[in-house]
Structure formats: C-alpha cells, structure tokens
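Colleague: Just passing along the structure, written as structure tokens.
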C-alpha cells in the first residue's frame, strides 16, 4: 500500500513540539526587545544631546536641550530678537516610539543649557534613567555638558 502525506498524530506531535519551543523562547524574546528599546531610547537621547551642543556652537548662542513629556526638544533663542527657534523636529515622542519611561536626576532639572562654546551651564551633573520591563540604562551628563556614559 502506497501512503502519501502525514497522519493526524504526526502533525499533532510536530505542532506540540513547536508550541513547547515557542513557549521557551518567548520570555527571552520579550527581554531582548525591552533591552533594544532602552538602547534605542538612550541612543536617541545622546543624539539629541549632541545636536543641541552642535547647534549652540554653530549658531553661537545659548541652546537648551529639554525632555518634556517624552519629547526631546532643542531650543535656541536669538540674542537680538529674543525669538525662540526649535532645532530639528519635535513631533517624535521617544516614550511612545520605544515604550520607555524617563527619570531625570536631579528631578528639578528637565532642561540642559549649553553656552555658545557648547559647554554646559549647570552646576552639577545630570543623570537620565531610561527603563522598560525591568531593564534600565543611564545617560550621565557632566556639569560641562559632556556625555559620560
């Protein structure tokens, strides 16, 4: 007798084995996705920080880097007219894009200001904590405005 195809028992056995392997891999996949989200948000913060410093140097004026409701904003005020320019686009919310939460230490500071030389004007360093699903990373910025970690 010439049989073609698979029996129901063979198909069910393979499906059960695939289900077991998927259930073992899913927690590791979720952890990896959370780590990638935190790394991506950290990279977005350091990129916006560099953009703010470069804008201060190239425009020759004070420039502020702020995190407001998960949106990274770079503001530059014209010293003559007093008009505030927004550098880059601000419509992209990092919290909704990566699904992370931010905590800034000290909590009273949500804005970092750079002078026309690109140096920070803060008296002490700033730590920005980025976290998601139990995984966290820190962006440390010195009082002179340099990213340390």
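The values are calculated or read from the model by the stated rules, or taken from the named source; none is laboratory data. Just so it is clear, the structure is predicted and the values come from calculations on it, not from any experiment. Here Cβ is always computed from backbone atoms with ideal geometry, including for glycine, and neighbour counts include all displayed protein chains.
Colleague: Residue under question is residue 34, and the condition is that it be in a helix (DSSP H, G or I) and touching a helix residue (DSSP H, G or I) at 6+ places or on another chain (Cβ under 9 Å); does it hold? Let's see the steps before the verdict.
Modeller: Values: in a helix (DSSP H, G or I): yes; touching a helix residue (DSSP H, G or I) at 6+ places or on another chain (Cβ under 9 Å): no.
Taking the combined requirement at face value, the residue does not satisfy it.
Colleague: Among the residues of segment 110-123, which ones are in a loop (DSSP other than H, G, I, E, B) and either within 16 Å of residue 65 (Cβ to Cβ) or touching a helix residue (DSSP H, G or I) at 6+ places or on another chain (Cβ under 9 Å) (or both)? Break it down into steps so the answer makes sense when it comes.
Modeller: Our first condition is that a residue be in a loop (DSSP other than H, G, I, E, B); within segment 110-123, this holds for 110, 115-119, 121-123.
Scanning segment 110-123 gives 110, 115, 116, 117, 118, 119, 121, 122.
Colleague: Considering segment 69-109 alone, what residues qualify as being in a loop (DSSP other than H, G, I, E, B), over 22 Å from residue 132 (Cβ atoms) and touching a residue at least 24 places away in the same chain (Cβ under 8 Å)?
Modeller: Across segment 69-109, the qualifying residues are 87, 88.
Colleague: If you don't mind, there's one more thing I want to ask. Does segment 9-31 contain any residue that is touching a helix residue (DSSP H, G or I) at 6+ places or on another chain (Cβ under 7 Å) and either within 27 Å of residue 102 (Cβ to Cβ) or not in a helix (DSSP H, G or I) (or both)?
Modeller: Step one: filter segment 9-31 for residues touching a helix residue (DSSP H, G or I) at 6+ places or on another chain (Cβ under 7 Å), giving none.
For segment 9-31, residues touching a helix residue (DSSP H, G or I) at 6+ places or on another chain (Cβ under 7 Å) and either within 27 Å of residue 102 (Cβ to Cβ) or not in a helix (DSSP H, G or I) (or both): absent.
Colleague: Among the listed residues 131, 116, identify the single one that is at negative phi and in contact with a strand residue (DSSP E or B) (Cβ under 8 Å, 6 or more places away or on another chain).
Modeller: Details: 116 fails: in contact with a strand residue (DSSP E or B) (Cβ under 8 Å, 6 or more places away or on another chain).
One residue alone meets the criteria, 131.
Colleague: Another question about this same structure. Could we say that residue 126 is surrounded by 14 or more Cβ atoms within 10 Å (Cβ to Cβ), modelled with pLDDT under 85 and within 30 Å of residue 31 (Cα to Cα) here? If you could, list the steps in order and put the result at the bottom.
Modeller: On the way: surrounded by 14 or more Cβ atoms within 10 Å (Cβ to Cβ): yes; modelled with pLDDT under 85: no; within 30 Å of residue 31 (Cα to Cα): yes.
So residue 126 fails the test.
Colleague: Within the group 95, 103, 138, which residue is surrounded by fewer than 14 Cβ atoms within 10 Å (Cβ to Cβ), closer than 24 Å to residue 33 by Cβ and under 18 Å from the mean Cα position of the chain (by Cα)?
Modeller: Details: 95 fails: surrounded by fewer than 14 Cβ atoms within 10 Å (Cβ to Cβ); 138 fails: surrounded by fewer than 14 Cβ atoms within 10 Å (Cβ to Cβ).
Going through 95, 103, 138 in turn, the sole match is 103.
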